[in-house]
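Below: one structure, written as structure tokens.
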Amino acid sequence: MEQLEVQNPATGEAIAALPVDSPEAVAATVARVRASQPEWEAIGIDGRYRWLGMLRDWLLDNSERVLDTMQAETGKVRADASGEPQYLADLINFYGTRAAKFIGEEAVRPHTPLLAAKKLRIQYRPHPVVGIISPWNFPLILALGDAIPALQAGAGVVVKPSEFTPMGLAEVVKAWKEEIGGPDVFDCVQGVGETGGALVDAVDFVQFTGSDRTGRKVMARAAETLTPVSLELGGKDAMIVLEDADLERAANAATWGAMMNSGQICMSVERVYIEEAVYEPFVAKLTAAVGKLRQGADGTGFGSEVGAMTSPNQTAIVEDHVQDALAAGARALTGGKRLPGPGDYFEPTVLVDVDHSMKVMRDETFGPVVGVMKVRDADEAVRLANDSRYGLSGSVFGERTRAERVARRVECGAVNVNDVLVNYAAVDVPMGGWKQSGIGYRHGEPGIKKYCRTESVVITRFGGKREPTWYPYTKPRRALIDRIARAFNARDLKRRFGLRG
Ligand code: NAD
């Protein structure tokens, strides 16, 4: 049987080998979950929240254990891993307490008196099995975080985690089955792209998070079975610094926003545009802050701030972007190169003298690298921020009202004013990509509604043996129907009475 060999990227050591699921095994897992799903749907929103509440408690009680696993497979520093269990606990409570509002049955009043005899209802019924395909940068948030609203909606869920980080999610699934004793509606399958493809074939809805390159393949494959997809893809997020910004806060935010999780965040600050009056002092502060970061393998002692690169393929992309920029005239004010092993590290890097002809300002770098450009004014900053095929999120720093005005012009799914990345914690509001950053949303009302199909139920409250529009057709009856309909549809008296306007 094929195996996934898992390494600790912080040290290069092999830590586990997991069997790969064949396409037949994927289909069998989905079939099992599908068989259990109707009962899961039938226990209702509160019944499902009770089970998910047990998962929340397990996550809180076992967070250190989960963090150890996740840290080992990603090479993250402890602080960058630490937020995941807490985010998930909060998300379980968010959807558990709001699901009735978001996906409870809706009563709708007919828009016209012609339908006065009908009672209109919308019921939200889950897609029976949701397949989640997730990346390696936040192995729990981006797998379990999407599973939670799907399960709360009443769907069964099968996850395929990244082949680089399969263990954290597998541990949670095992706990759901063996420690919590949860219904058989939540499982995972392991493998590379082939396993992901088999999952797409077998499920009723696909939630994919990963690169836009793979997202296109997933969407094309789903098209074969007309399976709906939601895609959360890459980004090239811009930060704009206006001349009236608090420069200290803006530089600290750029440092954290660009380097957190070694820059391996879809919403990382990858580009910064600064009004010329404050360019020099901002760059000095940013370079000093980035240059001071502690990098290296971290245990549980919080002795390091920037961890390893999780996937060797990504390190090669980061190196290529930096070298491409340096060869075209950019300068690295700090960092600029890969570190010697053991472990896979790239130095926190600030690049200046960059422009939009360079990969580092155009393509997703997904590493601890930030490109910085001086701009004449806010208009030029907005123009450059929007000059991207991506549109995931962004941020603007400056005096609040002015910064807010500028922020509303940035073309992306979420924008932060005087902060970075924080919209991900504001699960009240949707988060999704514009342009090639994705299709669909997670968080907020759309984040659970997407896992449901609407069923409109139109109920006849009263009526005779037949409706006036049914057979047999006669000229006088048709004329009467037209006269009545015209009386409601026309918006002026003349037409209401059958005259021309
Ligand atoms: P990736 O696209 O290489 O892989 C993502 C997942 O897809 C993995 O589980 C992989 O095994 C699977 N896969 C690969 N080929 C497949 C195929 N043909 N069919 C089905 N599944 C297949 O992405 P990655 O390198 O793991 O993650 C990094 C990317 O994820 C970056 O582009 C990043 O921006 C993006 N990302 C986006 C968000 C978001 O919310 N928008 C969040 C995190 C990461």
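The values are calculated or read from the model by the stated rules, or taken from the named source; none is laboratory data. As the structure is a computational prediction, the values presented were derived from the model and not from experiment. So basically every Cβ, Gly included, is an ideal-geometry build from the backbone, and we count neighbours across all protein chains shown. All accessible areas refer to the heavy atoms of the entire protein, side chains included, with ligands and DNA or RNA removed. Shrake-Rupley method; radii C 1.70, N 1.55, O 1.52, S 1.80 Å.
A straight Cα-to-Cα reach below 14 Å connects K337 with the aspartates and glutamates E319, D320, D324, E347, residues fewer than 8 places away in its own chain not being considered. Of the trypsin sites (Lys or Arg not before Pro) found in region 310-393, those in coil by DSSP whose Cβ has at most 15 other Cβ atoms within 10 Å are K337, R376, R389. By the combined test of axial Cα extent (at least 27 Å) and Kyte-Doolittle hydropathy (mean at least -0.5), the qualifying DSSP H helices of the chain come to 23-42, 78-103.
Using a simple spin-label model with pseudo-atoms 7 Å out from Cα toward Cβ, R408 and L226 lie 4.1 nm apart. Shown for region 136-248: the carbon plus sulfur share of the solvent-accessible area, taken with all protein chains present and a 1.4 angstrom probe, equals 54%. Under the shape rule built on the C-alpha gyration tensor, where the axes satisfy a ≥ b ≥ c, region 380-427 is oblate, since a/c reaches at least 1.5 while a/b does not exceed b/c.
Separation of region 171-200 and region 276-307, taken as the distance between their Cα centroids, equals 38 angstrom.
Relative contact order for region 356-438: 27 percent, from Cα pairs under 8 Å spaced at least 6 residues apart, divided by residue count.
For the chain, just say rounded, prolate or oblate: build the C-alpha gyration tensor, square-root its eigenvalues into a ≥ b ≥ c, call rounded for a/c under 1.5, and beyond that prolate if a/b exceeds b/c, oblate if not. Oblate, because a/c is 1.5 or more while a/b does not exceed b/c. A simple count of charges around F302, restricted to other residues whose Cβ falls under 15 Å of its Cβ and scoring Lys, Arg +1 and Asp, Glu -1, yields -2. The rule of thumb for compact globular proteins, 2.2 N^0.38 Å, goes into the C-alpha radius of gyration of region 340-403 1.36 times.
Straight-distance candidates among the lysines for linking to K374, with alpha-carbon spacing under 19 Å and chain neighbours fewer than 8 residues away dropped: K236, K285, K359. When +1 charges are put on Lys and Arg Cβ atoms and -1 charges on Asp and Glu Cβ atoms, the dipole computed for region 346-394 relative to its Cα centre reaches about 80 debye.
Each label was represented as a point 7 Å from its Cα along the Cα-to-Cβ direction; for E445 and R478 these points are 4.2 nm apart.
How about K449: which lysines have a C-alpha closer than 24 Å to its C-alpha, ignoring those fewer than 8 places off in the same chain? Of all the lysines, those that pass the test against K449 - Cα under 24 Å, at least 8 places apart if same chain - are K101, K119, K160, K435. So how far, in whole Å, is the C-alpha centre of region 53-118 from the one of region 366-397? The two parts, judged by their Cα centres, are 31 Å apart. The trypsin sites (Lys or Arg not before Pro) of region 240-315 that meet both conditions, a loop assignment by DSSP and at most 16 other Cβ atoms within 10 Å of the site Cβ, are K292, R294. Distance from the C-alpha centroid of region 241-255 to that of region 453-501: 63 Å, rounded to the whole angstrom.
Note on Y471 and L114: with the Förster distance fixed at 22 Å, the Cβ-Cβ geometry gives a FRET efficiency of about 0.70. A cut-off under 14 angstrom between Cβ atoms defines the neighbours of I484, and their net charge, with Lys, Arg +1 and Asp, Glu -1, is +4. Annotation for A16 and D68: the two label points, set 7 Å from Cα along the Cα-Cβ direction, are 1.3 nm apart. Only protein heavy atoms count here; under a 1.4 Å probe, E399 has an accessible surface of about 80 Å².
Amide H to amide H distances under 5 Å link S437 with G391, where only residues 5 or more positions off or on other chains count and H is placed in the peptide plane. Other residues within the sphere of radius under 15 Å centred on the Cβ of F102, judged by their own Cβ, net out at +3 (K and R +1, D and E -1).
Along the chain, the exposed loop sites are chymotrypsin sites (Phe, Trp or Tyr not before Pro) outside DSSP states H, G, I, E and B with at most 15 other Cβ atoms within 10 Å, and the longest stretch free of them is 1-301. Between the amide H of Y345 and those of M309, L339, distances stay under 5 Å, these residues lying 5 or more places away or on another chain, with hydrogens modeled in the peptide plane.
Normalised by the number of residues in the chain, the mean separation of alpha-carbon contacts (under 8 Å, six or more apart) gives a relative contact order of 17 percent. In region 250-330, if the dipole is taken from +1 on Lys/Arg beta carbons and -1 on Asp/Glu beta carbons about the Cα centre, which of A316, Y273, A251 is farthest to the positive end? Positive-end residue among those listed: A251. Normalised by the residues of region 319-378, what does the relative contact order come to in percent, with Cα pairs under 8 Å and at least six apart? Relative contact order, region 319-378: 32 percent. If you sort the three axes of the alpha carbon gyration tensor as a ≥ b ≥ c, you get a/c of 1.5 or more for region 241-352 and a/b no higher than b/c, which makes it oblate.
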